[in-house]
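Okay, structure first, notes after.
What follows is calculated from the coordinates using simple rules that are stated; it is not laboratory data. Here the structure is a predicted model, which means the values were calculated and not measured. Virtual Cβ from ideal backbone geometry, glycine too; neighbours counted across all protein chains shown.
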Amino acid sequence: MAKYLIKSDATIKAAKPKPAPYRLFDGDGLYLLIRPDGKKWWRLDYTIAGKRKTISIGVYPSTGLSLARDKAKGARALVAANTDPSDARKAAKVKQAEANEAERRVAEGIPLENSFEAVARAWYAKKSSSWVPSHGDKIIRRLERDLFPWLGARPIGEIKPPEILAAVRRIEARGAIETAHRALTNCGQVFRFAVAEGHIESDPTRDLRGALEPVKGGHMAAITEPAKVAELLRAIDAYRGSLIVRCALQLAPLVFVRPGELRKAEWAHIDLDAKEWRFTVTKTDTGHIVPLAPRAVEILREVQALTGRGRYVFPSARTSERPMSDNAILAAMRRMGIAKEEMTGHGFRAMARTILDEVLHFDAHLIEHQLAHAVKDPNGRAYNRTAHLEQRHLMMRLWAGYLETIKAGANVVPLHGRAAA
């Protein structure tokens, strides 16, 4: 095929289509391909990594001779820098598509793809189905209020520890120390999810351990002094509110489960004849057994007469279709004159843990089992929920007897040595 040197646009205009495609060469790989239908396409041949390749430069006349030569010059510069012009063009198209998508998302109020907010919402959507609704609501509100305004639009792979620390310190500055710690924990969960999904390589929050002011212990206050525990028990027995709330208050120290587990207790999970309450711990999605001492069974039989035909042991005052509200026990304690700095619903757990260990001297692993904490055997394997069940039945009976004794005003001689496991 003959080679033609393109001298000007006039040469191109004069080139007529032929039955077969042909080329007008301009030199150094640049040529104009003229097709039988009369369309004229600029092409550039180049060699990179030992391979011969071709890239389109444009269509004549929208891309004239001068512009085609400029584009070819730019492509050759990329080749000289060991960059494939074809790859560079594809990358530019991807970048433009991302920019267009980002603009669309902003216009529609949707988080940018791979932004902290987008990944955090994906994490929330995946995890929240296994959470108690109230727990999930608190987390998403915390993200939306305290983290998204500062980190939400940032690409998750570009966020550095100082940015995260600045965001959580804004929470700390308003005095919400515990919330700041929880927000940092949520950040870490989002970043670890991002690692698992391939968005980033590591969790930047791991370098922020100890960066926040420590949480003061008062947020889960508990009465652990036996004499004061006795006063609390007597105050509970004297409570003049609803029978359902009083029974829940009386049962709380005997079973020392988490407040949400107590208020959501279901009759289907309780076997009064076997003296056991079996349920799944929502926090860990594991089965748990609470041995019921005779006093606990007595309290449950009392409230069963009122609520036994429904689902919940302690239903809401408004409808039996829902459990007691999360504030019912706290409100009752406040009406009894017990300040939040003294005792919370969660405090019954700390009360039992402390006295069972320090006063009654039960083995720590029995106490931890009964608190539904993760406990491992000597080989590092997690115990199942029936582990040491007989000993735990005994511990719960002795614990209930101890509470009745101190409530009556008697002095209790601590057990010496550890209780048998």
* To do: Can you tell me the 0 to 90 degree angle between the C-alpha axis of helix 65-80 and the longest principal axis of the chain, rounded to 10?
  => 60
* **Förster radius 25 Å - calculated FRET efficiency between ALA91 and LYS7, Cβ distance, rounded to 0.05** => 0.10
* Asked: If you count, for each residue, the other Cβ atoms within 10 Å and average over each peptide, how do 365-371, 8-14 line up from highest to lowest?
  -> 365-371, 8-14
* Starting from the Cα of LYS18, draw a straight line to each of the aspartates and glutamates and keep only those under 14 Å, dropping any in the same chain fewer than 8 residues away. => ASP37
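Can you sort ILE48, ILE57 from fewest to most other Cβ atoms within 10 Å of each residue's own Cβ?
Least crowded to most crowded, the residues run ILE48, ILE57.
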* To do: Kindly flag which residue pairs out of LYS7/LYS53; LYS7/LYS71; LYS275/LYS407; LYS7/LYS73 have an alpha-carbon separation exceeding 19 Å in this structure.
  => LYS7/LYS53; LYS275/LYS407
* Tell me, what ³J(HN,Hα) does each residue in the range 147-152 have, in order and in whole Hz, if you take phi through Karplus 6.51 cos²θ - 1.76 cosθ + 1.60 with θ = phi - 60° and put x for Gly and Pro? -> 10, 4, x, 9, 10, x
* Asked: Relative to the longest principal Cα axis of the chain, at what angle does helix 85-108 sit, 0 to 90 degrees, rounded to 10?
  -> 50
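May I ask you to list the trypsin sites (Lys or Arg not before Pro) in the range 275-318 that are in a DSSP loop and have at most 16 other Cβ atoms within 10 Å of their Cβ?
On the way: sites: LYS275, ARG278, LYS283, ARG295, ARG301, ARG309, ARG311, ARG318; in loops: LYS275, LYS283, ARG309, ARG311, ARG318.
Answer by residue number: LYS283, ARG309, ARG311, ARG318.
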* Structure fact -> Interchain or sequence-distant (5+) residues whose placed amide H lies within less than 5 Å of the amide H of ILE200 are VAL195
* Each residue of the range 326-334 in turn: what ³J(HN,Hα) in whole Hz from Karplus with 6.51, -1.76, 1.60 and θ = phi - 60°, glycine and Pro shown as x? -> 6, 9, 4, 5, 4, 4, 5, 5, 5
* Interchain or long-range residues, amide H under 5 Å from PHE314's placed H -> ALA265, MET324
* Normalised by the number of residues in the range 116-215, what is the relative contact order in percent for Cα pairs under 8 Å and 6+ residues apart? -> 29
* Asked: Taking neighbour Cβ counts within 10 Å as the exposure measure, how do ASP28, ASP357 sort from fewest upward?
  -> ASP28, ASP357
* Asked: In straight Cα distance, which aspartates and glutamates are under 19 Å from LYS95, not counting same-chain residues fewer than 8 positions off?
  -> ASP84, ASP87, GLU103, GLU113, GLU158
* Structure fact -> So the angle from the long Cα axis of helix 161-173 to the longest Cα principal axis of the chain, reported in degrees to the nearest 10, equals 40
* Under 5 Å between amide H atoms, partner at least 5 residues away or on a different chain: which partners does GLY58 have, H built in plane at 1.01 Å? -> TRP42
* 222 nm [θ] for the chain, helices only, -39500 (n - 2.57) per DSSP H run of 4+, per residue, to 500? -> -14500 deg cm²/dmol
* **Highest-MSF residue in the chain out of ALA227, ALA91, ALA80 [GNM, Cα springs under 10 Å]** => ALA80
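State, as an integer percentage, the relative contact order of the range 9-91 based on alpha-carbon contacts under 8 Å between residues 6 or more apart.
Over the range 9-91, the number comes to 19 percent.
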* To do: Starting at the first residue of the range 176-188, write each ³J(HN,Hα) from the Karplus equation 6.51 cos²θ - 1.76 cosθ + 1.60 with θ = phi - 60°, in whole Hz, x for Gly and Pro.
  => 8, 5, 5, 4, 4, 5, 5, 5, 5, 4, 4, 4, x
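Name the shape class, rounded, prolate or oblate, that the alpha-carbon gyration tensor gives for the range 191-282, where a ≥ b ≥ c are the square roots of its eigenvalues, rounded holds for a/c under 1.5, and otherwise prolate holds if a/b is larger than b/c and oblate otherwise. Let's see the in-between values first.
Values: a/c = 3.68, a/b = 1.72, b/c = 2.14.
Note, shape of the range 191-282 comes out oblate.
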* To do: Taking a cut-off of 15 Å between Cα atoms, list the aspartates and glutamates near LYS138, but don't count ones fewer than 8 places away on the same chain.
  => ASP146, GLU178, ASP326
